[in-house]
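What follows is one structure encoded as structure tokens, with my remarks underneath.
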Amino acid sequence: MKALAARALGAARALAGWRCPCCLAAQEREGLCARCAGLLTPRAKGYCPGCGELTPVADQEPTLCLRCRETPRPWDALGFYGAYGGALRECLLRFKFGGSHSGQAFLTGLMRQAYELHRQRPGGMDPRGPELVCAVPVHWRRLVSRGFNQSFELAKGLGRALGAPVPADALRKVRATGPQSRLGARERAVNLKGAFEADPALVSGRRALLVDDVMTTGSTLEAASKALRGAGCARVEVLVLARDEKIGG
């Protein structure tokens with residue numbers, strides 16, 4: 001009887017809305033399902049700490065790639081949760097294109113985990129924390145068509161968790177650009193030249209944490225970081241949820 005009652009209770013809870021925040025599978029308890037819990041683990045090793053490029057050996061100590069040794073990126077530190085694929089990719093795509101903010105709190109939690117992991121790493125995030133959090137902005141035309149900027153929503157949640165303000169106008173996209181996905185690395189950089197502006201009144205002399213959902217070549221983050229630097233930002237750190245492992249550099 002007790003076993004039957006327990007199964008009935010579990011079924012009732014599932015019907016009441018207990019679902020895995022990643023894959024949305026119905027379950028008898030809160031939190032990740034067993035499948036997603038096994039798949040979603042932060043990448044602690046096997047990457048370049050300068051650009052996040054993933055190495056073939058997952059347990060290799062973080063080591064700067066050749067490009068970052070020759071030409072450092074325009075940020076002081078970079079952190080990410082994991083590779084862009086599998087369960088993490090599914091959850092991000094649902095959040096970005098699913099027509100709702102489904103999974104936002106869950107993804108913000110993953111981003112907070114990534115931040116803490118890279119704050120503990122030597123040469124990583126400043127242990128004092130950021131003085132402001134800003135998101136990679138989208139042009140107003142894209143904002144109208146999509147309805148929201150997923151990076152700004154993640155930045156707001158992270159800012160609350162870290163106790164840092166998230167000023168919407170700290171960084172703006174002032175020029176519309178074509179789709180980055182269709183361009184090579186060099187073309188992406190040209191496409192984004194002069195596309196971002198930062199407000200010196202909000203960022204000058206302050207430590208900024210720049211947030212985005214996915215990093216591919218890093219051209220967008222480089223352009224946004226340079227805009228923050230140009231406005232007098234004292235320190236720029238970059239945090240993304242996922243690093244695309246198909247496109248290095």
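The values are calculated or read from the model by the stated rules, or taken from the named source; none is laboratory data. Fair warning: this is a prediction, and the values are worked out from it, not measured in the lab. Neighbour counts are summed over all protein chains in view; Cβ atoms, including those assigned to glycine, are modelled from backbone coordinates with ideal geometry. Accessible surface is based on the protein model in full, side chains and every heavy atom, while ligands, DNA and RNA are left aside. Shrake-Rupley method; radii C 1.70, N 1.55, O 1.52, S 1.80 Å.
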Q) Among the residues of region 102-121, is there at least one that is at pLDDT 95 or above, charged (D, E, K, R), under 14 Å from the mean Cα position of the chain (by Cα) and open to solvent by 10 Å² or more (accessible area, probe 1.4 Å)? A) yes
Q. Among the listed residues 225, 204, which satisfies the condition of being hydroxyl-bearing (Ser, Thr, Tyr), touching a Gly at 6+ places or on another chain (Cβ under 7 Å) and at pLDDT 90 or above?
A. 204
(Q) Suppose we keep only residues that are of a type in the set (A, V, I, L, M, F, W, C) and farther than 18 Å from residue 113 by Cβ within region 73-96. Which one would you say is farthest from the chain's Cα centre (by Cα)? (A) 75
(Q) For region 190-205, which positions are surrounded by fewer than 18 Cβ atoms within 10 Å (Cβ to Cβ) and outside any strand (DSSP E or B)? (A) 190, 193, 194, 199, 200, 201, 205
(Q) Going residue by residue through region 103-110, is there one that turns out to be closer than 30 Å to residue 169 by Cα, part of a loop (DSSP other than H, G, I, E, B) and either of a type in the set (A, V, I, L, M, F, W, C) or free of Cβ contacts under 8 Å to residues at least 60 places away in the same chain (or both)? (A) no
Q: Look through region 132-141, keep the residues that are within 30 Å of residue 234 (Cα to Cα) and more than 18 Å from the chain's Cα centre (by Cα), and return whichever of them is modelled with the lowest pLDDT.
A: 140
(Q) Residues that are out of contact with any Phe, Trp or Tyr (no Cβ under 8 Å at 6 or more places or on another chain), modelled with pLDDT under 90 and closer than 18 Å to residue 119 by Cα: does region 45-61 have at least one? (A) no
(Q) Please go through (1) of a type outside the set (Val, Ile, Thr); (2) farther than 20 Å from residue 214 by Cβ; (3) surrounded by 15 or more Cβ atoms within 10 Å (Cβ to Cβ); (4) touching a Lys or Arg at 6+ places or on another chain (Cβ under 8 Å) for residue 61 and return the number of the only condition it doesn't satisfy. (A) (3)
Q: Would you be able to say whether some residue in region 65-80 is touching a residue at least 12 places away in the same chain (Cβ under 8 Å), of a type outside the set (Phe, Trp, Tyr), surrounded by 13 or more Cβ atoms within 10 Å (Cβ to Cβ) and part of a helix (DSSP H, G or I)?
A: yes
**Q.** Residue in region 228-249 that is least open to solvent (accessible area, probe 1.4 Å), counting only those that are of a type outside the set (Asp, Glu) and at pLDDT below 95
**A.** 249
